[in-house]
């Protein structure tokens with residue numbers, strides 16, 4: 001390593017030592033809650049559409065193609081949102097984009113509730129999707145760049161775990177509306193419009209969060225703003241006057257075309273794509289899957305309650321178990337074991353056709369796969385991209401990774417209803433088993449373990465030996 005590079009690494013390490021060594025405090029949790037409410041909304045908005053389309057199919061006489069398109073269009077538009085917001089974050093800064101994405105969520109949710117026909121609802125669901133994609137790109141990066149070293153996985157994971165409450169809120173809220181006996185034409189509008197409330201509650205907070213110290217220093221070279229952001233987070237004043245040389249140049253040299261980062265991007269985007277094929281194919285299509293399981297005799301309310309119980313018993317605990325273990329056993333192990341157990345569960349359903357004829361047995365196996373999706377790749381694919389890329393390309397790398405996931409989600413949500421209907425549950429589960437097994441191999445090949453490392457070391461902005469020495473000092 002040249003003396004210049006060594007000096008630069010030392011400067012980068014010393015700048016963030018106060019931030020990395022800080023204890024968890026109120027500002028960390030303000031950042032997490034502000035980000036997490038967006039993910040509550042994301043999950044609610046993306047998954048409530050499955051119940052909404054089940055209501056609208058007889059009301060609007062939707063074809064199978066229209067049903068699939070409504071279920072999946074927000075996922076497709078979120079690809080655009082993730083890439084757009086990711087790129088703009090790296091160019092304009094994290095703060096300038098933060099809050100814009102949830103404003104789009106509010107606009108899309110309210111407009112969707114007042115849709116008069118299929119075309120209008122489709123357009124407004126596109127707006128929702130752009131906001132969701134933007135939220136995926138911004139929230140993880142901002143949380144990561146403000147986090148301390150010891151609890152970074154826990155903090156980023158908590159943001160994403162708020163998705164679990166959104167998953168639960170959707171079917172629970174839908175069940176309440178259906179139980180009260182309100183007209184179906186009114187119920188679906190309330191279901192969609194409700195998504196605007198949690199998103200609107202954090203627009204102001206997101207606009208007030210300061211620019212992250214990693215962006216102000218590594219990209220802009222702004223010492224004053226960096227010191228202020230560190231003081232805002234930790235309550236401690238830092239002197240950065242000795243850290244001026246080389247910082248912005250070091251951050252700006254990173255390129256996604258670098259073989260190191262390209263391999264990581266293939267890993268983050270590829271595993272997220274594979275995970276979302278399983279997760280959204282199941283979640284958005286849950287009504288279709290449960291209808292195929294229980295038959296035509298089961299009512300919409302029955303299937304909605306079953307979906308809510310599945311989320312409550314299996315999915316929600318999985319999120320928080322993952323949060324607890326992210327900084328204890330590592331991202332890579334959690335992701336590999338999650339994909340592996342998903343593979344076994346789906347393969348069992350496929351290999352033993354009788355399972356689908358015993359609803360309780362199917363739901364137990366199906367539920368276990370849900371638990372290990374959450375205590376597995378659903379959490380880790382969100383955490384990984386915000387940690388293993390340098391600051392100057394972290395936004396676009398995270399955006400592209402999320403876009404990869406949403407491409408998988410779109411394909412699964414678009415095709416899963418048709419696969420289940422034409423070929424049966426066993427065949428659909430077999431496809432998911434193969435997808436999950438690919439996730440195991442791709443994780444092992446492409447992704448490093450960032451647990452316990454400084455963000456600069458995990459991302460490659462500080463050399464291996466520098467990062468290791470920092471860990472020993474810490």
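Bear in mind that the values in this text are calculations on the coordinates, not laboratory data. Nothing here was measured: the structure is a model prediction, and the numbers come from that model. In this analysis, Cβ positions are derived from the backbone assuming ideal geometry, glycine residues included, and neighbour counts consider all displayed protein chains.
Observations on the model:
- Here r is the Cβ-Cβ distance between residue 232 and residue 364 and R0 is 51 Å; the resulting FRET efficiency, rounded to 0.05, is 0.60.
- Reducing segment 175-231 and segment 33-80 to their Cα centroids gives an inter-centroid distance of 19 Å.
- Convex hull volume per residue for segment 326-392, taking Cα atoms only, in Å³: 82
- Each of the peptides 368-375, 383-390 was scored by the mean count of other Cβ atoms within 10 Å over its residues; in descending order, highest first, they stand as 383-390, 368-375.
- Stokes-Einstein D for segment 328-474, Kirkwood Rh over Cα pairs, 20 °C, 1.002 mPa s (µm²/s): 126
- With bins 5 Å wide beginning at 0, the percent of Cα pairs of segment 179-222 falling in each bin runs 5, 16, 13, 11, 11, 10, 9, 8, 6, 5, 5, 2.
- Once both labels are positioned 7 Å from their Cα atoms along Cα-to-Cβ, the gap between residue 262 and residue 357 label points is 5.3 nm.
- Taking label positions 7 Å along the Cα-Cβ direction at both residue 96 and residue 150, the computed distance is 3.7 nm, reported to one decimal.
- Stretched out straight at 0.36 nm per residue, the stretch from residue 63 to residue 427 would grow longer than its current Cα-Cα span by 128.8 nm.
- Inter-probe distance in nm under a simple model that places probes 7 Å from Cα toward Cβ, at residue 184 and residue 348: 3.6
- Two-site FRET efficiency, residue 299 against residue 17, from Cβ-Cβ distance with R₀ of 60 Å, rounded to 0.05: 0.50
- As a ratio to 2.2 N^0.38 Å, the alpha-carbon radius of gyration for the chain is 0.97.
- Packing-based exposure ordering (other Cβ within 10 Å, fewest first) of 297, 421: 297, 421
- The residue 25 and residue 444 beta-carbon pair, evaluated with R₀ = 45 Å, returns a calculated FRET efficiency of approximately 0.80.
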